[in-house]
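Reviewing the structure listed below.
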Amino acid sequence: MGLIKKVPVYAERIPGGSLVLTTLETVLHQGQAKSLWYLLFGTACCAIELMCTGASRYDFDRLGMIFRASPRQADLIIAAGTITKKMAPRLRRLYDQMAEPRYVIAMGGCTIKGGPFYYDSYAVEKGIDHIVPVDIYIPGCPPRPESLLEGCIHLQEKIKKQKLLDWQEK
Amino acid sequence: MIWPVAFAELRPIFDWLYDMVSSTGLPEPWLSVVIYTGLGAMMFGVLAVLALYLVWWERKISAHIQQRFGPMRHGWHGWYQTIMDAIKLLQKEHVDVATRDKFVFFWAPVMCFVAAFLAYVTIPFGEGLIVADLNIGVLYIMAVTTFTIISLLMAGWGSNNKYALLGGMRSAAQVVSYEVPMVASILVVVVFAGSLSMVDIVRAQDGMFYNWFIFRLPFGPIAFLTYIVAATAEANRTPFDIPEAEQELVAGFNIEYSGMKFAMFFLAEFVNMFTVSAIAVTLFLGGWNGVFLPSWFWFLLKTFAVVLLLMLFRWTYPRLRVDQLMEFAWKFLVPLTFANLILGAWMKYAGWYW
Amino acid sequence: MTPDELKDAVAGKLGDKMSLLDTGRMVPMFEISAANLLTVAESLRDDAALKFDYFCNLGAVDKTERFEAVYSVASIVHKHRLDFKVILDHDHPEIDSVQEIWPAANWYEREMWELFGINIRNHHNLTRFLLPDDWDQGNPMRRDWDAPDFEKLPEL
Amino acid sequence: MDIVKDIKNLLAGMGITGKHLGRHAITIQYPEEKWTMPERSRGIVVLLSDKKTGELNCTGCELCMRACPTGAIMVHAPRDEKKKRHLKAFTIDFSLCCFCGLCEDACNFCALKMAPMYEFSTDDKESLTWDMKTLQEIGRDVDYVDTRKKKKPVKKTEAAKPAGKPADKSADKPPDKSAEPALPEAKPATEDEPTTDQPSGNETKEGEQ
Amino acid sequence: MPDLRTEEFVVNMGPHHPSTHGVCRLILTMDGEKVLKIVPVVGYLHRSLEKICENRTYPQCIPILDRFEYVTAMSCNYVFSLAAERLAEIEVPERAEYLRVIMLELNRIASHLIFYGVTAMDIGALTPFLYGLREREMIMDLFEMTCGQRLTFNYIRIGGVAKDIPAEFIPYCRKTVSVIREKLNDYEGLLNENPIWLVRNKNIGVLPPDVGIAYGVSGPSLRASGVDYDLRRDDPYSIYDRFDWKVATRSNGDCYDRYLVRLDEIKQSVRIIEQALDGLPEGPVKAKVSPNFKPPEGETYARVENSRGELGVYIQSDGTKKPYRVKTRGGSFNQLQVLPVIGTGGLIADLVAIFASLDIILPEVDR
């Protein structure tokens, strides 16, 4: 990571460097986008739909997404299900344990804003964007597997549009 | 310049390469160094690509067993999926756990990776396609593949994580136990071939398929089966994948590794799988022997068949528990393989075999 | 036993300690005083004709001026069920633990202790249960409970 | 012989997985081929417009807002002097919505419907609150049956319905195969694999008889 | 060697762990691989459903309680409706009862298929998981064409069901059950007699019947111990007495029997569904219930048998349109309580097997 962050700085100085930079950018981001390994992080109803999406009919593997149990090897947390106040620090911790570059998908109403548990609940965190930076929000309660796939493709498009220079600010 | 290798089929290419290198006018010792390095790099590259494609293949096979497609969107049936994985893993951050053992943590994946590749020195990919035909080939392979345990143990210890430690300890216990039946079943072949050299063992199975050691009844099939079981355990694959048992130890010994270091473990696992399959082919399935087609093709065909078998194992069976695993090795496999070895040796002595 | 038979059987055996309420639907609902809880529970479980050996549910209700602890127990053998409730004082709610009689009650009582603030006597493990470890906002299931980030559904 | 039985059973397991290896996958390759959602699917809430005038059916009665268990719907329809409601704003917060369909049941005026749409992921949390205009735009091509009793003669709604698209909720009619949304036709079904077959039109008719 | 002792160490299993089915945390004191002590820590999914229901009207409670036990949300719908109907003494139309039974049993099959897959995955076999979910998708199709959602249905309402079934439901349902009946052979062939599966499950985590009853274990987990107790028959609700079916029981009470009982239950559910489809009468599907449903003052505890055991709801009504108090009770709550009793002393791999075979899901525990 450290090296790659410096690459754009040096590449701009050499002649033709920007061309190299664009190519590099494309290749690196294609790699990131096309191999999103997700962390098995399911808490509630959405976890069942996450399982269904991984299963035969929808098949996450088609997009190059496979699950990893260890946060160190995952690129993506799909926060599937309600995040309660008791669980929130654990989510943050898992996010911190992940290696850069890392992405977060908030799946379902509960993770976006508390969903059905926004009112009258004393235990539910009202949106995980207070805890971790979220890249994609997928509404639904729970979202259909296709919604999730669409969200993942959306995220892939978003990753491909990134610039290497953006990384330095992150 | 003495060629260490009898690259019969690739000889023209090597000669051309040799001419190229020697025309630069390097003095003799340096010339050898360049050539050896080049050979090593070539071998390494081929195997790395092979391992990447084994990953892809495993994903496709498992997908089709489960009636899905597997990687589909990146190239024809996702052919460059694993390359993208590699590119991604290259740019992932290396997380260094604060409480790790610096030295051990760093070197474990490197060692695992290197150990996985060392075995290929003595594997005959085809008639004359062998890097070095050591006269102690089998012994060398047994010694080198055992390095993997040390690396797993190092990974488990160095991570300073309880799950990783449990995984490392499990793998050490497992590999040490399964080494014994593995060696005992290989020894049957050695007894029959009368040599430790891999090439000689293949030569001893010349001719039609009934000359293969697996068809030396009755001990051939038994030795093959016990070898396959022990080899599955050696390669840490289900039903013997307890070191990284996902449901118990999260990811086992590699739980703290990220990025390229994890990729090394990951690739090493697949290289190991290919290694044990290649050894099985060499020892039991007649190596490069076959008709009509080139020898290396037969070798690869057979090896991939064995790899497919291992994959079917993985996607069919549940996982054994750690104590049952040990019991199976010591109470069942070890007596069986030793009995088989004694039987084999006696039959060889008496000449009563088919 | 049908609910009516059960009503008579319980009234016959424990009539002095339990009084029948008319709020229960389908199954009889009794009321007992907090002091009698343990003896009643024990005889409910051990009586051969009743044999309420299976603990279904325990829920507390905050009635603002008092607490009610509603027990539902069933019998595996006789296949009947019974509800009874214990009325507790609102200011100092306290109740005996029935986990010696029905071990299943253990967690239900912990939950009651945590969410309603009802103290359980002789309970060995009254520790944080459902709420976060650093929870300091009181007993959220009480009717008058409030917190800064607690929003009620807008009344229409 | 235990061991023989064990090996037999192990091989039987391999046989089952091996048998599946040769079968065709049942996967729907999502972005290229899509599952036809059944008509009743509760995707998102849309506001329906009158087919003739193009105006919203909503009268601002706030019944849906009262029915919503999550407080996702906000209707602002103040009454004027004559006690008549004027719909000023109608927003639905899809991050709160629990897609239960109670609003659709509560509505007496055919003003809103849960449409079978699902592709609306976003990277902006605020954009999940949809206002009246968006809801109306999306709801324009949603088909519905006008069940409002007053004002509309039944004949008109029949004529307004596009031909061959039975948007009939009563389900008494035999489904028209060409436009039956509940029939998932995303996959070419293979004969040997029963899981992949979805009910075809023929079977539907057989079952009814 | 009595002096040779290894140091005990504490492992935190969870709250995020692949085999805790959600967010349960088990604090394990271990001696090497052996588990000496298990302390379950729950509450990571405590969403205060009961508090929310206090401020919702009765119809609004149903979608909220859908999230209480999302794997078999139909029975959550049902048990709440049942309690409310008992409070208000509503008579449910005949057709609605049949539809409810069909839906409940389909959902039971769906849940058991998840159990089958997840248990196999916890033991290490990945393929059965996908096979189980594959057939479950067909059931999800049925649910979606009927009520519009795949997981949180809001279909069974107070006084009946929300909508009548569409025309293509019956043929597709018949096909689904026949496919499941046929695929059960595959499931059994993959695991039932597999020697690895046997050694991993037989005589592991034996739950004696008296312990099970004392700790309130219910459903298939209790029936595997030889206790013949099924609420569908023993605390009758709906119309289960009209069908010809058997309560599946086994006698050993180990993980393997708990697994077999659930497979048997799938077969029984298939039988019930087929009979219900045959006898499905015509008629209305919902009794007249006012939108402002107000049951009279009173209280009741209703319980039904769902795929994890006794699912109960206690409602206290004060005569308004909102329930005064809703208390839910799920089978997993008690099954997690019994886990330390039967899981201690085994290896960590056994613990995973026991956890899976009890079929614990956390929303039922935490609510």
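The values are calculated or read from the model by the stated rules, or taken from the named source; none is laboratory data. Given the structure is predicted, the values throughout are model-derived calculations rather than measurements. When we count neighbours, we look across all protein chains shown, and the Cβ atoms used for this are built from the backbone with ideal geometry, even at glycine. Note: accessible area is taken over every heavy atom of the protein model, side chains too, but ligands, DNA and RNA are not part of it. Shrake-Rupley method; radii C 1.70, N 1.55, O 1.52, S 1.80 Å.
Details
- The residues of the stretch D:114-135 that are more than 14 Å from chain E (Cβ to nearest Cβ), open to solvent by 20 Å² or more (accessible area, probe 1.4 Å) and of a type in the set (A, V, I, L, M, F, W, C), listed by number, are D:PHE120, D:TRP130, D:MET132.
- Qualifying positions in the stretch B:320-354 - over 15 Å from B:PHE224 (Cα atoms) and open to solvent by less than 10 Å² (accessible area, probe 1.4 Å): B:LEU325, B:ALA329
- One residue stands out among those in the stretch C:37-75 that are hydrophobic (A, V, I, L, M, F, W, C) and over 26 Å from C:HIS90 (Cα atoms): the one that is farthest from the other protein chains (Cβ to nearest Cβ), which is C:ALA49.
- Scanning the stretch C:134-153 for residues that are in contact with a strand residue (DSSP E or B) (Cβ under 9 Å, 6 or more places away or on another chain) and open to solvent by 60 Å² or more (accessible area, probe 1.4 Å), we see that the one that is farthest from the other protein chains (Cβ to nearest Cβ) is C:ASP144.
- Number of positions in the stretch B:239-254 that are at negative phi, in contact (Cβ under 8 Å) with a residue 24 or more places away in the chain and buried (at least 24 other Cβ atoms within 10 Å of the Cβ): 10
- Test for C:TRP107: is it of a type in the set (A, V, I, L, M, F, W, C), in a helix (DSSP H, G or I) and facing another protein chain (nearest Cβ under 10 Å): yes
- Members of the stretch E:174-228 that are open to solvent by 10 Å² or more (accessible area, probe 1.4 Å) and in contact with a strand residue (DSSP E or B) (Cβ under 9 Å, 6 or more places away or on another chain): E:ILE213, E:ALA214, E:TYR215
- Selection count, the stretch D:1-26, where residues are more than 10 Å from chain E (Cβ to nearest Cβ) and either farther than 17 Å from B:THR316 by Cβ or in contact (Cβ under 8 Å) with a residue 12 or more places away in the chain (or both): 5
- Taken together, the criteria place C:PHE67 among residues that are open to solvent by less than 60 Å² (accessible area, probe 1.4 Å), over 26 Å from E:GLY212 (Cα atoms) and among the hydrophobic types (A, V, I, L, M, F, W, C).
- Qualifying residue in the stretch E:251-266 (condition: in a loop (DSSP other than H, G, I, E, B), touching a residue at least 12 places away in the same chain (Cβ under 8 Å) and either at positive phi or open to solvent by less than 30 Å² (accessible area, probe 1.4 Å) (or both)): yes
- One residue stands out among those in the stretch A:1-43 that are of a type in the set (Lys, Arg) and in a helix (DSSP H, G or I): the one that is modelled with the highest pLDDT, which is A:LYS34.
- Tally, over the stretch E:344-358, of residues that are open to solvent by less than 10 Å² (accessible area, probe 1.4 Å) and either among the polar types (S, T, N, Q) or modelled with pLDDT under 85 (or both): 3
- Scanning the stretch E:107-149 for residues that are touching a residue at least 40 places away in the same chain (Cβ under 8 Å), away from chain B (no Cβ under 13 Å) and among the small types (Gly, Ala, Ser) gives a single hit, E:SER111.
- The residues of the stretch C:74-91 that are in contact with a strand residue (DSSP E or B) (Cβ under 8 Å, 6 or more places away or on another chain) and either open to solvent by 20 Å² or more (accessible area, probe 1.4 Å) or closer than 22 Å to C:HIS124 by Cα (or both), listed by number, are C:VAL86, C:ILE87, C:LEU88, C:ASP89, C:HIS90.
- Only one entry in B:ARG68, B:ARG59, B:ARG73 is outside the structural domain of B:PHE313 (by TED's automatic domain parsing), assigned to a loop (DSSP other than H, G, I, E, B) and under 19 Å from B:MET311 (Cα atoms), namely B:ARG68.
- Residue list for the stretch B:305-354, filter: closer than 20 Å to B:ILE279 by Cβ and without any contact (Cβ under 8 Å) to a residue 60 or more places away in the chain: B:ALA305
- Qualifying residue in the stretch E:59-78 (condition: open to solvent by 10 Å² or more (accessible area, probe 1.4 Å) and assigned to a loop (DSSP other than H, G, I, E, B)): no
- Residues of the stretch B:132-184 that are closer than 14 Å to B:ALA116 by Cβ and in a loop (DSSP other than H, G, I, E, B): B:THR146 alone.
- In this entry, E:MET103 is excluded by the filter for residues that are within 14 Å of chain B (Cβ to nearest Cβ) and assigned to a helix (DSSP H, G or I).
- E:VAL42 over 24 Å from D:GLY101 (Cα atoms) and surrounded by fewer than 24 Cβ atoms within 10 Å (Cβ to Cβ): no
- Inside the stretch C:111-133, residues that are outside any loop (DSSP other than H, G, I, E, B), more than 10 Å from chain E (Cβ to nearest Cβ) and without any contact (Cβ under 8 Å) to a residue 40 or more places away in the chain make up a count of 4.
- Screening the stretch C:98-127 for residues that are over 27 Å from A:TYR122 (Cα atoms) and open to solvent by less than 20 Å² (accessible area, probe 1.4 Å) and picking the one that is nearest to the chain's Cα centre (by Cα) gives C:VAL98.
- Filter pass, B:ILE61 being modelled with pLDDT of 75 or more, surrounded by 14 or more Cβ atoms within 10 Å (Cβ to Cβ) and within 27 Å of D:ARG23 (Cβ to Cβ): yes
- Condition check for B:THR99: of a type in the set (S, T, N, Q), touching a Leu at 6+ places or on another chain (Cβ under 7 Å) and either part of a loop (DSSP other than H, G, I, E, B) or in contact (Cβ under 8 Å) with a residue 12 or more places away in the chain (or both): no
- Subset tally (residues that are open to solvent by 10 Å² or more (accessible area, probe 1.4 Å) and not basic (Lys, Arg)) for the stretch E:267-276: 3
- Yes/no for B:LEU187 being over 19 Å from the mean Cα position of the chain (by Cα), in the same structural domain as B:PRO109 (by TED's automatic domain parsing) and either over 30 Å from B:ASP96 (Cβ atoms) or open to solvent by less than 20 Å² (accessible area, probe 1.4 Å) (or both): no
- Any hit, the stretch E:320-331, residues being closer than 25 Å to A:MET87 by Cβ, more than 14 Å from chain C (Cβ to nearest Cβ) and among the β-branched types (Val, Ile, Thr): no
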